[in-house]
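Visitor: Quick one: this structure, given as structure tokens, is what I'll be asking you about.
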Amino acid sequence: MGSIAFFDFDGTITTKDSLGDFIQYAVGKRKYYAGLLFNIPLLASFKLKLTPNYIAKEKLFSFFFKGWEVADFQKLADRYSVEQIDKITRFEAVKKITWHKQQGHKIVVVSASLENWLKSWCLKNDLELIATQLEISDGEITGNFASKNCYSSEKAKRIIKEYNLKEYNCIYAYGDSKGDKEMLDLAHQKFYRCFN
């Protein structure tokens with residue numbers, strides 16, 4: 001019987017949302033902000049809670065990346081993962097991850113962001129990953145997600161599917177938003193917007 005720690009990524013491990021950061025990295029700031037202007041109706045609808053999180057996110061992602069060759073996209077995502085993510089991580093989060101490693105705990109990043117730009121960073125840091133998956137057709141990005149957006153209740157469902165929680169005598173969870181509630185509810189020790 002060991003221990004396992006689940007960490008939300010955006011806003012918990014990082015200081016900003018990685019989706020916007022990755023889009024800027026991929027297309028440049030000018031195209032990014034032009035794309036946001038074009039999508040003002042969608043973003044306004046999301047802010048007013050008229051459009052669900054997963055639909056707004058999928059449509060925004062599709063606007064920028066639909067039709068991209070997945071091989072090109074993945075190369076860019078891997079480069080972002082290795083070169084950029086460390087620039088937006090929280091010192092306290094990295095310190096806590098290091099502590100869990102020192103205790104010999106299994107550590108899992110559970111994120112609504114796409115696994116494409118998280119997996120290289122997770123591999124580099126010896127972390128396991130549960131994240132939203134991208135739909136591919138004929139080597140191209142369709143603009144849709146292959147899995148449900150890994151947010152809110154979907155986080156808990158994916159965790160339960162991937163891990164037998166009865167095998168762990170202590171479960172830790174770290175989150176920063178209402179989208180982490182169900183994941184936090186699985187834990188013996190839960191940390192909301194804090195690490196101690």
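Readers should treat all values here as calculations from the given coordinates under stated rules, not as data from a laboratory. Just so it is clear, the structure is predicted and the values come from calculations on it, not from any experiment. Every residue, glycine as well, gets a Cβ built from its backbone with ideal geometry; the counts of neighbours run over all protein chains shown.
Residues are listed down the side, and each one gets a yes or a no for (1) of a type in the set (Gly, Ala, Ser); (2) in contact (Cβ under 8 Å) with a residue 60 or more places away in the chain; (3) farther than 21 Å from residue 155 by Cα:
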site	(1), (2), (3)
7	no, yes, no
14	no, yes, no
18	yes, yes, no
38	no, no, yes
45	yes, no, yes
49	no, no, no
64	no, no, yes
77	yes, no, yes
97	no, yes, no
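Visitor: Every residue in segment 8-35 that is more than 16 Å from residue 84 (Cβ to Cβ) and in contact with a helix residue (DSSP H, G or I) (Cβ under 7 Å, 6 or more places away or on another chain), please.
Guide: 8, 12, 35
Visitor: Same structure, new question: Take the residues in segment 102-135 that are assigned to a helix (DSSP H, G or I) and either hydrophobic (A, V, I, L, M, F, W, C) or out of contact with any strand residue (DSSP E or B) (no Cβ under 7 Å at 6 or more places or on another chain) (or both); name whichever of them is surrounded by the fewest Cβ atoms within 10 Å (Cβ to Cβ). Show your work before the answer.
Guide: Initially, segment 102-135 is screened for residues assigned to a helix (DSSP H, G or I), giving 102, 115-117, 119-124.
Checking the rest, the ones that are also either hydrophobic (A, V, I, L, M, F, W, C) or out of contact with any strand residue (DSSP E or B) (no Cβ under 7 Å at 6 or more places or on another chain) (or both) come to 102, 117, 120-124.
On the way: 102: 8, 117: 26, 120: 18, 121: 23, 122: 20, 123: 14, 124: 12.
The residue in question is 102.
Visitor: Is it true that some residue in segment 154-165 is buried (at least 19 other Cβ atoms within 10 Å of the Cβ), touching a helix residue (DSSP H, G or I) at 6+ places or on another chain (Cβ under 6 Å) and more than 19 Å from residue 18 (Cβ to Cβ)?
Guide: Yes, some residue in segment 154-165 is buried (at least 19 other Cβ atoms within 10 Å of the Cβ), touching a helix residue (DSSP H, G or I) at 6+ places or on another chain (Cβ under 6 Å) and more than 19 Å from residue 18 (Cβ to Cβ).
Visitor: Out of 141, 130, 159, which single residue is under 22 Å from residue 60 (Cα atoms) and in contact (Cβ under 8 Å) with a residue 40 or more places away in the chain?
Guide: Details: 130 fails: in contact (Cβ under 8 Å) with a residue 40 or more places away in the chain; 159 fails: under 22 Å from residue 60 (Cα atoms).
After ruling out the rest, the residue left standing is 141.
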